[in-house]
Amino acid sequence: MAQAIDLAALSRGDKAAWDAFVRRYAGLVTAAVRPLARESSDAEDLVQEVFVRLCKDGFRLLKTYDPGRAGLSTWLTIVARSTARDSLRRRQLPVTPLDAVPETFLATGGAPPEKLRLPEGLLSPRQKLVLTMLYDRDMEVAEIAAALGIDPQTVRSTHHKAMLKLRSHFATEEQ
Amino acid sequence: MAEPTNSPDEGALWQRWRSLRPAPAGERPDAMTLAAYVEGRLGLAEAETVEEWLSADPDLAADAASARYAALGPLPEAADGIIARASALVLPKDERVVALHASARRPSWHRMVRWSAMAASILVASAIGFALGNDTYVSLAGSHPAAFGQELLDPSSGLFTAFDEDANI
């Protein structure tokens, strides 16, 4: 049976409230940071860092959570991933030697920088986001729909309209 | 509506646009704002601002997607070791270390005893010192303590008597 978390007691540092919070959300935090970790031991350390961040300085970060704006699971997932990335950056993970990178990855492109200007609001933020997910992150329509919480048909429609705008704009500029 | 083909032509068009667009305005959305966006609780203007950032920041977009997936299913379980380690971060209140203050209060009788002992030590030392000095005086003076006292006060009468010209040296 789900146990409600007493946020007020948690922020005061109540031991029982903290233990209940950890038991309930440690799995969520683990699932959030695991994709960012290189090994399972890294994932465990990252989980611990998340909980350290939540309780340090008198539970300062936890006190910023506002239940009226979003659910605790949603907020906690975002905090966990952000903390994990910050931690990994601080550890300065080894980088790939330049010689190991294929030359095609190093290509900077021969085209000179464009002097064209984009009109304000050519693409809506939603259109930009859909195109980013499609072309930069190679996501499928169904994945994008799930990620944005919209219908797959809406994704296709958004993509289509955005492309029409881009073709029209660049065709006009080139004339 | 046709499925996006992700054709090289469309991809190139997108990349061309990307190279020209400016950076998002305003501050990067914090965790609370991003969480509210994921749950559809932001107004249109605020949501669009967040989406500007999501299209420019892959990490932020991945966080939003991850949070959306997490909210859909039941909460997963964690290993006992992970739970124990995190639980240990907060101790019960009676086990927490409390810094001792240097000026901790002591009972008033304790201070009184301490000062009394010090005063008594001074008195005893003074008395012993006086007694020793007095004994020394008496033993040196012999049967004529008054004459010895005169010698001490006016040593010249005794000193030059010993070194008089008529005296046999």
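Side notes on the structure shown:
- Approximate shape of the stretch B:15-73 as ellipsoid semi-axes (Cα gyration tensor, √5λ), whole Å, largest first: 22, 14, 9
- Expressed as a fraction of 2.2 N^0.38 Å, the value expected for a compact globular protein of N residues, the C-alpha radius of gyration of the stretch A:126-175 is 1.23.
- Taking A:Asp66, A:Asp42 and counting other C-beta atoms within 10 Å, the order from fewest to most: A:Asp66, A:Asp42
- Working from the Cα coordinates of the stretch A:7-91, the gyration tensor eigenvalues give, after taking √(5λ), semi-axes of 22, 13, 12 Å in decreasing order.
- With the simple model of a label 7 Å out from the Cα in the direction of the Cβ, B:Leu75 to B:Arg18 spans 3.8 nm.
- Peptide B:12-25 - average C-beta neighbours from other chains (10 Å radius): 5
- Of the trypsin sites (Lys or Arg not before Pro) found in the stretch A:15-76, the ones in coil according to DSSP and having at most 12 other Cβ atoms within 10 Å of their Cβ are A:Arg38.
- Each of A:His159, A:His169, B:His110 was scored by other Cβ atoms within 10 Å of its Cβ. Arranged with the fewest first, they read B:His110, A:His169, A:His159.
- Distance between the pseudo-spin-label points of B:Leu123 and A:Asp86 (7 Å out from Cα toward the beta carbon): 6.8 nm.
- As a proxy for reagent exposure, B:Lys93, A:Lys161 were ordered by neighbouring Cβ count within 10 angstrom, fewest first; the result is B:Lys93, A:Lys161.
Taken together, the values in this text are just the output of simple stated rules run on the coordinates, not laboratory data. What you see is a predicted model, and the numbers here were worked out from it, not measured in a lab. Using ideal geometry, Cβ is built from the backbone for each residue, glycine included, and neighbour counts are taken over all protein chains shown.
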